[in-house]
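Following: one structure in structure tokens, then a few remarks.
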Amino acid sequence: MLDQIRAFLQENPGSKARTIAAQLGFERPAVSRILHDHSDKFQQNKDFDWFVNYEACHVEFTGSGWLTPWDFEKALLKSSLQREHKSVVFILKDDCKALLEVLSRLLAICNQLVAAGKAVTLDLDGSRKTLTYLDRVGFFGLLDAEVTVLPQRPSGDLARAYQGNNDGVIEFRSIDPQEPNQRIPDLLLHSFVACAGDSYSQTAFTVLAELFGNVTEHSRTSSPGFACLQFYKKAMKIQAVISDNGLGIIGTLQPALADRYPETARRIATASHAGVALLKEVFSRGGLSQVDEEGRGLGLMVSADAASKFRARVSVRQSDFEFGIHHGLDGVRFSERVGLAHLAGTHICFEFKLDAAIQSP
């Protein structure tokens, strides 16, 4: 009932309790009780009209298992995060653990909200182990200084003390889109090969080098991107994440389609979601570039093809959707999730299963 009332008021601000009850088919006393019991979510004016309270938005992540990307996205959607919110509080509860792919999205959205003038709080009081892990992997070094961290923001000494001491971890490294640190792909490759073996060297190089170059080609922003890597030994998998906070693949390619790729533009125009359709073109056909140079626009397709030698999963988070590429014994499969909360930039995760070679590299 709570979610239905909130959704109704978002579409019909200034409604009275009796109107809400009548339109939703609930009893008025029950509706009034919900409205009064959730003063953090609803507010009433002197004329007894009800509105969604946009002063603060609370986004809760909970659960004793691993927090997956879909868990993250569902929590954002459930919170109904809106541009009108003046402050946002992200809460990790029950000592839930987050995959690197999730942490990269959390870092990006925190920094983007601060840049948009929002007050942001990251409440880790209920997940102290996660707080320690974030300190270890350098998360707080890239988290905007304006973000309030509870119970207390770490000094960063843990990340500095252990940086580079574990081949299974590449701490969050900033990527300046104007002058990117060219050592980052080498660091990622070294770690990848140390954990996976030399047979993965060429595949890893192809994938990681292209993703790194993608940040500078498609970001078009002065805001830095970042890269990180984590080896999950029990699951025998590696997640490598490279993100930018700019226009992203869709934002840079889509404006060029009509003039440079009219046939592709016509195909995409009939699709249910233009962004998903464009990414499918990018990863399956290739040959699309924002610049007029022969041979450009093939990198992401080549990377995906290289990853197909293993049971790799590729996720691409863009604006309001996620595009997935899944390689298995039965070939390649695409997936999509649309209607997600807004997140600028391109956030790509390549996940390799190290015990699942499909063919010899």
Check on T132, under 20 Å from G168 (Cα atoms) and either buried (at least 18 other Cβ atoms within 10 Å of the Cβ) or not assigned by TED's automatic domain parsing to the domain that holds F231 (or both): yes
Any pair with Cβ under 6 angstrom, 6 or more apart, that starts in segment 320-333 at a residue that is farther than 16 Å from A306 by Cβ and ends at one that is among the small types (G, A, S) and surrounded by fewer than 17 Cβ atoms within 10 Å (Cβ to Cβ): G324/S335
Qualifying positions in segment 236-256 - among the small types (G, A, S) and assigned to a strand (DSSP E or B): A240, S243
Test: residue in segment 99-114 that is free of Cβ contacts under 8 Å to residues at least 40 places away in the same chain and part of a loop (DSSP other than H, G, I, E, B): no
All positions within segment 160-186 that are assigned to a helix (DSSP H, G or I) and either touching a residue at least 40 places away in the same chain (Cβ under 8 Å) or surrounded by 20 or more Cβ atoms within 10 Å (Cβ to Cβ) (or both): I184, P185
Pair list, Cβ < 6 Å and 6+ apart or interchain, from segment 38-49 residues that are assigned by TED's automatic domain parsing to the domain that holds E60 to residues that are among the basic types (K, R) and surrounded by fewer than 11 Cβ atoms within 10 Å (Cβ to Cβ): none
Qualifying residue in segment 170-186 (condition: aliphatic (A, V, I, L, M), within 27 Å of L81 (Cβ to Cβ) and under 23 Å from the mean Cα position of the chain (by Cα)): yes
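Here's the yes/no breakdown for (1) basic (K, R); (2) within 16 Å of the chain's Cα centre (by Cα); (3) at pLDDT 90 or above; (4) closer than 26 Å to N165 by Cβ:
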{"residue": "H38", "(1), (2), (3), (4)": "no, no, no, no"}
{"residue": "Y54", "(1), (2), (3), (4)": "no, no, no, no"}
{"residue": "P69", "(1), (2), (3), (4)": "no, yes, yes, no"}
{"residue": "A75", "(1), (2), (3), (4)": "no, yes, yes, no"}
{"residue": "F90", "(1), (2), (3), (4)": "no, yes, yes, no"}
{"residue": "A98", "(1), (2), (3), (4)": "no, yes, yes, yes"}
{"residue": "L113", "(1), (2), (3), (4)": "no, yes, yes, no"}
{"residue": "S127", "(1), (2), (3), (4)": "no, no, yes, yes"}
{"residue": "T130", "(1), (2), (3), (4)": "no, no, yes, yes"}
Residue list for segment 91-106, restricted to those being crowded, with 22+ Cβ neighbours inside 10 Å and touching a Leu at 6+ places or on another chain (Cβ under 6 Å): L92, A98, V102
Enumeration of residues in segment 135-159 that are closer than 21 Å to L99 by Cα and either at pLDDT below 85 or exposed (fewer than 13 other Cβ atoms within 10 Å of the Cβ) (or both): G156, L158, A159
Residue pairs meeting the criteria (Cβ under 6 Å; at least 6 apart or on separate chains; first part of a loop (DSSP other than H, G, I, E, B), in segment 257-278; second surrounded by fewer than 19 Cβ atoms within 10 Å (Cβ to Cβ)): A271/A277; H273/V338
Residue count, segment 254-277 (criterion: at pLDDT below 90, surrounded by 16 or more Cβ atoms within 10 Å (Cβ to Cβ) and within 24 Å of A116 (Cβ to Cβ)): 1
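The values are calculated or read from the model by the stated rules, or taken from the named source; none is laboratory data. Computed from a prediction, not measured in an experiment: that's the story for all the values here. Cβ coordinates were reconstructed from backbone atoms using ideal geometry, including for glycine residues, and neighbour counts include every protein chain displayed.
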